[in-house]
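K.L.:
A single structure is presented below for examination.
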Amino acid sequence: MNNKELSEKIIEDLYKEPDRKTAEIIEYYLNTGTKELCDKAASVCNDIHGNTVFLRGLVEFTNYCAMDCLYCGIRHSNGKAVRYRMRESSIVETALAGFEKGFRTFVFQGGEDPFYTTDMICRIVSTIKNSTGGEAAITLSEGIRSREDYKAFREAGADRYLIRFETSDPLLHKKIRNGITLQRRIEAILDLKSLDFETGSGYMTGLPGETEETGIRNARLCRMLELDMIGIGPFIPHKDTPLGLSDQMPFELCIRATALLRLLVPSAHIPATTAAGSIDPEGREKMLKAGANVLMINITPDDVKKHYLLYPGKVCLEEEGETGLGSLAERVKSVNRVLSYNIGSALRKT
Ligand code: 5AD
C-alpha cells in the first residue's frame, strides 16, 4: 500500500471501534474528573520521561502563507496581516545566537511560503548543522511539501518535522483548511515517517463544529500515527478570519486532551504551548501538570515576531524571548520540574 492508500485506510479505521487498550483509556478518560485525570497523566509522564522539561528555540521566519485556512491569522486572504520574511543569513544568525545561549533544538516555523525554495531551506539547515558541529537538532515546520522536498531536507540534516493535522474530522478539515483534505495531510505525515524524521503532529481543541467524539478521535489519530511529538492548543478566534466570531471553548478541553494524549501516546514529547499560555496566564503550567514535557521558547527577533499572529493575545510578545529564560525556569520549578537544554530526541531514538 502506498502512503496515499495508507492514509485513506487510517481515516477509515478511525471510524471503527478502537482496540481494547485504547477503548479502556477512553473509558477511563470519560469517567474521570479533570484533577484525577491530570494526576494520572503526570505520573505516567514522570515514569516515562522523568521530571525534565525540554526547551526548544522557536524561529518564526515568515508569516507569508499561500494557504487560506479559515482559523488562522496569517492566512493568505488576511489583508490586515503585516507580512515579513527573514533573510537566510538572519535565520542562521538567530539560531546560532540561540546555540550560544545553550539551546540545542531549533524549530523553524513559517507559513507555507514558496519564496523559500527547497535549496534555500536545505542551505539554512546544513549551515546551522555544520556551524554547531552537528550538535543542534533541527526541526522544520513548513507545511505540506512533496516527498522529494522532505527527502532533500532530511539529507541536508533536518532531524524532525512538525505538521499538525488540525482536526481528524475529514469534512470539517476540508472546510477549515479551504479545500485541502485530511487524507493529504496524513499522507504528508506518512511521507515524513518513512523518511525517518522524528515526526510531530497535533490539533487545536474546541474548533467550531467539533464534538466530544471529534476530540477523542483527534487523540486516537495521534496514537494510530505513532507520533514522536504531539502539539495541541486551544483554538482562539482571530477577528480578521472567517472563524472570527466563533465561541472560545473552555480551556479545560485542552487540559483534558493533554492528559488523554499522555495516556494514549505515553512516549510522545508534548509541548505546553503558547496558545495555552495566551488564553490562561497559568495555561502552560496547567499543561505541564497534565502530562506535557516540552516548552517552546520564541527566539524570533523582536521586530518581526509581533507580526506572527496566528491568533490574538499571543503571550510571547510580552514575556518570552531569551530574556525570559530565568522566569521560565522559575515557572517550571513551580510545578516541581527541571528545565533541560538537552536535545530531547524521540524516545525510540534514544
Ligand atoms: N488559534 C489557535 N491555534 C491556531 N493555530 C493557527 N491558528 C490558530 C488559532 N486561531 C495553530 C495551528 C497551526 C499552529 C502553528 O498554530 O494548529 O498548526
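The values are calculated or read from the model by the stated rules, or taken from the named source; none is laboratory data. A quick note: this is a predicted structure, and the numbers were derived from the prediction, not measured. Heads up, the Cβs are rebuilt from the backbone with ideal geometry, glycines too, and the neighbour counts pull from every protein chain shown.
K.L.:
Scanning for something part of a loop (DSSP other than H, G, I, E, B), over 21 Å from Cys38 (Cβ atoms) and of a type in the set (Lys, Arg), does the range 236-259 turn up at least one residue?
P.N.:
Yes, that holds for at least one residue.
Residue-by-condition table, conditions (1) assigned to a loop (DSSP other than H, G, I, E, B); (2) modelled with pLDDT of 95 or more; (3) surrounded by fewer than 17 Cβ atoms within 10 Å (Cβ to Cβ):
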site: Glu5; (1), (2), (3): no, yes, yes
site: Pro18; (1), (2), (3): yes, yes, no
site: Glu24; (1), (2), (3): no, yes, yes
site: Glu27; (1), (2), (3): no, yes, yes
site: Ala41; (1), (2), (3): no, yes, no
site: Val44; (1), (2), (3): no, yes, yes
site: Val59; (1), (2), (3): no, yes, no
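Conditions tested, residue by residue: (1) over 19 Å from Gly344 (Cβ atoms); (2) within 16 Å of the ligand (Cβ to nearest atom); (3) not hydrophobic (A, V, I, L, M, F, W, C).
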{"site": "Thr205", "(1), (2), (3)": "yes, yes, yes"}
{"site": "Ile216", "(1), (2), (3)": "yes, no, no"}
{"site": "Leu243", "(1), (2), (3)": "yes, yes, no"}
{"site": "Leu261", "(1), (2), (3)": "no, yes, no"}
{"site": "Gly277", "(1), (2), (3)": "yes, yes, yes"}
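K.L.:
Let me ask you something else. Taking the range 335-350, which residues are of a type in the set (Val, Ile, Thr) and at pLDDT below 90?
P.N.:
Correct list: Thr350 only.
K.L.:
While we're on this one: Taking the condition of being without any contact (Cβ under 8 Å) to a residue 60 or more places away in the chain and touching a Lys or Arg at 6+ places or on another chain (Cβ under 9 Å), how many residues in the range 206-226 meet it?
P.N.:
3
K.L.:
Look at the range 46-57 and say how many of its residues are modelled with pLDDT under 95 and in a loop (DSSP other than H, G, I, E, B).
P.N.:
Within the range 46-57, residues that are modelled with pLDDT under 95 and in a loop (DSSP other than H, G, I, E, B) number 0.
K.L.:
Restricting the search to the range 225-241, which residues are in contact with a strand residue (DSSP E or B) (Cβ under 7 Å, 6 or more places away or on another chain) and near the ligand (Cβ under 10 Å from one of its atoms)?
P.N.:
Gly231, Ile232, Gly233, Pro234, Phe235
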